[in-house]
1. Figure the gain on full extension for THR130 and LYS54 (residue separation times 0.36 nm, minus the Cα-Cα span) and round it to one decimal in nm.
2. With +1 on each Lys and Arg Cβ and -1 on each Asp and Glu Cβ, how big is the dipole of the chain about its Cα centre, in debye rounded to the nearest 20?
3. GluC sites (Glu not before Pro), restricted to the range 96-204: which are DSSP loop and have at most 11 other Cβ atoms within 10 Å?
4. Quick one: compute a quarter of the convex hull surface over the Cα atoms of the range 95-165 and quote it in nm².
5. To the nearest µm²/s, what D does Stokes-Einstein give for the range 85-204 at 25 °C and 0.890 mPa s, using the Kirkwood radius over alpha carbon pairs as Rh?
6. Springs between alpha-carbon atoms under 10 Å, Gaussian network over the chain: tell me which of LEU36, LEU137, LEU184 tops the mean-square fluctuations.
7. State the extension gain, in nm to one decimal, for the chain segment bounded by ARG177 and LYS200, taking 0.36 nm per residue of separation less the distance between their alpha-carbons.
8. Return the single residue from TYR11, TYR148, TYR165 with maximal mean-square fluctuation; model: Gaussian network over the chain, springs between Cα atoms under 10 Å.
Amino acid sequence: MKAMVVFYSMYGHVYAMAEAVAQGVREVEGAQAELLQVPELVPDNILEEAGATKAREAFAHIPVATPDDLTNAHALIFGTPTRFGNMCAQMRNFLDQTGALWAQGALVGKVGSVFVSTATQHGGQETTITSFHTTLLHHGMIVVGMPYSEARQMTLDEVSGGSPYGVTTIAGSDGSRTPSENELAMARFQGRHVALIAKKLFEA
Ligand SMILES: Cc1cc2nc3c(=O)[nH]c(=O)nc-3n(C[C@H](O)[C@H](O)[C@H](O)COP(=O)(O)O)c2cc1C
């Protein structure tokens, strides 16, 4: 069973969560995880002005995805930062290149799942995930979230992301907050959970 973690990250928060999701996948016996990032669309000078150039060096080694790569896995786990309560344009643009895959039904029956980073606690974590799910459903994917059996999403002892729709992290309005231990543990849970479901579906 193979899971692909496909993400976009500007400052590294989604990337850190993507590594944790992949780690969770690999905890399942026989499961492989591959990380891919979607192509950047923002010009270099704008990235520099936005203070993202340095942060992006940390994941420059992750290969860039092509739409056809999506056919090479049983499970697709997507990570995106929120942009105005929705997925980022880089991810949207990538998904908008999957029309041929849609026409062939190439992703029908694959397991799909989403995780997200926002700057603020209520800045659109849930809307970003649930609106992302719409695209997965158009592709005929089996959408998997993060059940409440992952009780870390119920913590009130500290500020934390996490929802039944999928794991989330909160970057802070200046991006200075990094994913907490609680959020990284939930990310591992979601990776493991998706892998276990895909394993049941594809190795039965
Ligand atoms: C154009 C733009 C729009 C954004 N919109 C939101 C938003 O609606 N809600 C929010 O909480 N954060 C918003 N953010 C902040 C990003 O979600 C945040 O920088 C991101 O989660 C950090 O993840 P990354 O380090 O992986 O890029 C926005 C950022 C940009 C550049």
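Here, each number is a calculation from the coordinates, and none is a lab measurement. In this text the structure is predicted, and so the values were computed from the model without any measurement. Backbone-built Cβ (ideal geometry, glycine too); neighbour counts: all protein chains shown.
1. Fully extending the segment from THR130 to LYS54 adds 24.3 nm.
2. 480
3. GLU158, GLU203
4. Its Cα hull, projected and averaged over all orientations, spans 5.4 nm².
5. 161
6. LEU137
7. In short, 4.6 nm is gained.
8. TYR148
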